[in-house]
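Right, one structure below, let's go through it.
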């Protein structure tokens, strides 16, 4: 550890002597996806405001998202552009705790300056509908539970019971497992299941809902953040459950202006 600190200090000294603007580059896990990326980019944005020259090391899974949200390239460094004078470090946090890792003003400014830019801005306009975003994927493995899995059918039934007015709107379901949704949400009337849509199209769909019912995924959370940014009158419903890895299993990413439904006892 001492040798590593000495190495970083030497790099800093050389940078100061040569006038090189040293970068700190965070290497993130390869399995990270869009929702995770955005928390890392938000962290970069906050650190840049403090004068810290922070970047995220590029991964292949960022590619399609950077095409649609090109301003995010400001926070990305390609491996070929890494200098020996730069400080490369493995991530030490996911930076997802609301009011600890970021404040609401940080979030809103980041959305305004980095997500709602370019051609995609014209597509992100609130529509008079209720969208339900269901996250399945690796959260739900056959015949086993993961730290993030919970009873999503019971959750949606509870939301319908508490907020029946949301189900008078046209309902659209967005999911990474539409077949599962078709088989398990037959109790909902007049539902449109988004099939054969891209992840970017799905993200736009959840961002533009007047009423949004989300699950416990970072993709959902960011859709909820953008949705609430577009209009404070938009309603976002979220489960209080985040993961069994969290304290009391309560999600740490929840926005204070969302409506939270208890699916576990606090």
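Could you list, in sequence order, the residues of region 167-194 that are free of Cβ contacts under 8 Å to residues at least 12 places away in the same chain and in a helix (DSSP H, G or I)?
If the condition is that a residue be free of Cβ contacts under 8 Å to residues at least 12 places away in the same chain and in a helix (DSSP H, G or I), then 168, 179, 182, 183 are the ones that fit.
Consider residue 225 carefully, then state whether it is buried (at least 18 other Cβ atoms within 10 Å of the Cβ), in the same structural domain as residue 171 (by the TED database) and touching a strand residue (DSSP E or B) at 6+ places or on another chain (Cβ under 8 Å).
No: the conditions fail for residue 225.
Can you tell which of 211, 216 is crowded, with 21+ Cβ neighbours inside 10 Å and assigned to a loop (DSSP other than H, G, I, E, B)?
Numbers: 211 fails: assigned to a loop (DSSP other than H, G, I, E, B).
Of 211, 216, the one residue that is crowded, with 21+ Cβ neighbours inside 10 Å and assigned to a loop (DSSP other than H, G, I, E, B) is 216.
Condition check: loosely packed, with under 14 Cβ neighbours inside 10 Å and either at pLDDT below 95 or in a helix (DSSP H, G or I) (or both). Does residue 16 satisfy that?
Taking the combined requirement at face value, the residue satisfies it.
Looking at region 94-103, can you tell me whether even one residue there is under 18 Å from the mean Cα position of the chain (by Cα), farther than 18 Å from residue 215 by Cα, crowded, with 18+ Cβ neighbours inside 10 Å and touching a residue at least 60 places away in the same chain (Cβ under 8 Å)?
Yes, region 94-103 contains a residue that is under 18 Å from the mean Cα position of the chain (by Cα), farther than 18 Å from residue 215 by Cα, crowded, with 18+ Cβ neighbours inside 10 Å and touching a residue at least 60 places away in the same chain (Cβ under 8 Å).
What do you reckon, is residue 118 touching a residue at least 12 places away in the same chain (Cβ under 8 Å) and on the phi > 0 side of the Ramachandran plot?
Numbers: touching a residue at least 12 places away in the same chain (Cβ under 8 Å): yes; on the phi > 0 side of the Ramachandran plot: yes.
Answer is yes for this residue.
Check region 81-91 and report whether any residue there is farther than 29 Å from residue 242 by Cα and in a helix (DSSP H, G or I).
Scanning region 81-91, I find at least one residue that is farther than 29 Å from residue 242 by Cα and in a helix (DSSP H, G or I), so the answer is yes.
When residue 147 is evaluated against the numbered criteria (1) in contact with a helix residue (DSSP H, G or I) (Cβ under 8 Å, 6 or more places away or on another chain); (2) in the same structural domain as residue 223 (by the TED database); (3) not in a strand (DSSP E or B), which criterion, by number, is the only one it fails?
Exception for residue 147: condition (1).
Within region 183-192, identify whether any single residue is under 21 Å from residue 229 (Cα atoms), out of contact with any strand residue (DSSP E or B) (no Cβ under 9 Å at 6 or more places or on another chain) and either surrounded by 15 or more Cβ atoms within 10 Å (Cβ to Cβ) or not assigned by the TED database to the domain that holds residue 63 (or both), and answer yes or no.
Looking through region 183-192, none of the residues is under 21 Å from residue 229 (Cα atoms), out of contact with any strand residue (DSSP E or B) (no Cβ under 9 Å at 6 or more places or on another chain) and either surrounded by 15 or more Cβ atoms within 10 Å (Cβ to Cβ) or not assigned by the TED database to the domain that holds residue 63 (or both).
So that you can scan it fast, the table gives a plain yes or no per residue for (1) assigned by the TED database to the domain that holds residue 235; (2) at pLDDT 95 or above; (3) outside any helix (DSSP H, G or I):
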{"residue": "111", "(1), (2), (3)": "no, yes, no"}
{"residue": "114", "(1), (2), (3)": "no, yes, no"}
{"residue": "128", "(1), (2), (3)": "yes, yes, yes"}
{"residue": "133", "(1), (2), (3)": "yes, yes, yes"}
{"residue": "160", "(1), (2), (3)": "yes, yes, no"}
{"residue": "165", "(1), (2), (3)": "yes, yes, no"}
{"residue": "196", "(1), (2), (3)": "yes, no, yes"}
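The values are calculated or read from the model by the stated rules, or taken from the named source; none is laboratory data. Model, not experiment: these values are computed from the prediction. Backbone-built Cβ (ideal geometry, glycine too); neighbour counts: all protein chains shown.
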